[in-house]
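Read-outs throughout are calculated quantities, based only on the coordinates presented, and are distinct from any laboratory measurement. This one's a predicted model, so the numbers in the text were calculated from it and none came from an experiment. Cβ: placed from backbone, ideal geometry, glycine included. Neighbour counts: every protein chain shown.
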Amino acid sequence: MLDFSTKPTLSGLIVTLRPVEVGDVPTLRALMADPEVGRLTGSVHTSGGQPELWTPEELTTIYRDWMTASDRIAWVILDNDNGAIVGEAVLNRLDQDNLCCGFRLWISGATNRGLGTEAVRLSMGHAFAVGLHRVELDVYDFNTRARHIYEKVGFVLEGTRREALRFDDGWVDCHVMGLLATQWQG
Ligand SMILES: CC(C)(COP(=O)(O)OP(=O)(O)OC[C@H]1O[C@@H](n2cnc3c(N)ncnc32)[C@H](O)[C@@H]1OP(=O)(O)O)[C@@H](O)C(=O)NCCC(=O)NCCS
């Protein structure tokens, strides 16, 4: 049965996706403190808010578990220019019966250089190469950049969880997007 126990490194032109290691924790934790990442991923609820970070010990436990998990692959995103870790891409919530999984990613300090688009393409290439039929994700309405890159690689808007995120004095819709193997262009 299909699972995510095998965790390959995926090499692209401008990024490399390498399976996460516990040694990545200090770098990832520092990047997770980026308020823009917190806001756009819904973990910060006010304009000036700071992300609440896991402790290094908690993150080490989480990533140690993910290194061998059969229901997810967590990659660090490496900038091929200098080999630096710039973010994380994760295939998660594997549903073996329905050949479906979830996806999320974030990049800090290296946005708008094409790295995110290639990281999504590499992740989807792997998901469909191992036999998945469908990948789905959530994206907040105010995250127009993320929505743009997801649409660019073929994700389709499937529905909206209205006012799912509380932010400042208002509410933000959360869109559900999906990509099918039959529509994946590579
Ligand atoms: C979303 C994210 C992964 C995109 O990665 P990236 O490397 O910055 O994106 P790229 O450089 O590959 O592509 C950016 C594209 O968005 C466009 N863009 C930039 N800002 C935009 C905006 N505010 N609205 C719409 N499109 C925008 C660019 O023009 C470019 O499009 P093009 O390639 O068609 O010209 C990254 O910005 C990120 O992680 N942001 C913070 C956390 C986050 O949003 N995670 C996703 C949660 S769903």
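Here are a few things to note about the model shown:
- Neighbours of H133 by Cβ distance under 13 Å: Lys/Arg scored +1, Asp/Glu scored -1, total -2.
- Net charge of neighbours whose Cβ lies under 14 Å from the Cβ of W66, counting Lys and Arg as +1 and Asp and Glu as -1: -1
- Taking each residue as 0.36 nm, the span from L180 to D168 lengthens on full extension beyond its C-alpha to C-alpha distance by 0.8 nm.
- 222 nm mean residue ellipticity, helices alone, for the chain (DSSP H n ≥ 4; -39,500 (n - 2.57); rounded to 500): -8500 deg cm²/dmol
- Span-rule helices in the chain, defined as complete DSSP H runs reaching 20 Å or more along the axis (Cα) with Kyte mean at least -0.5: 115-129
- Proxy reagent accessibility, fewest Cβ within 10 Å first, across F103, F155: F103, F155
- Normalised by residue number, the volume inside the convex hull of the Cα atoms of the chain is 114 Å³ per residue.
- Measuring between their Cα centroids, region 1-30 and region 59-80 lie 6 Å from each other.
- The trypsin sites (Lys or Arg not before Pro) of region 41-142 include none that meets both conditions, a loop assignment by DSSP and at most 11 other Cβ atoms within 10 Å of the site Cβ.
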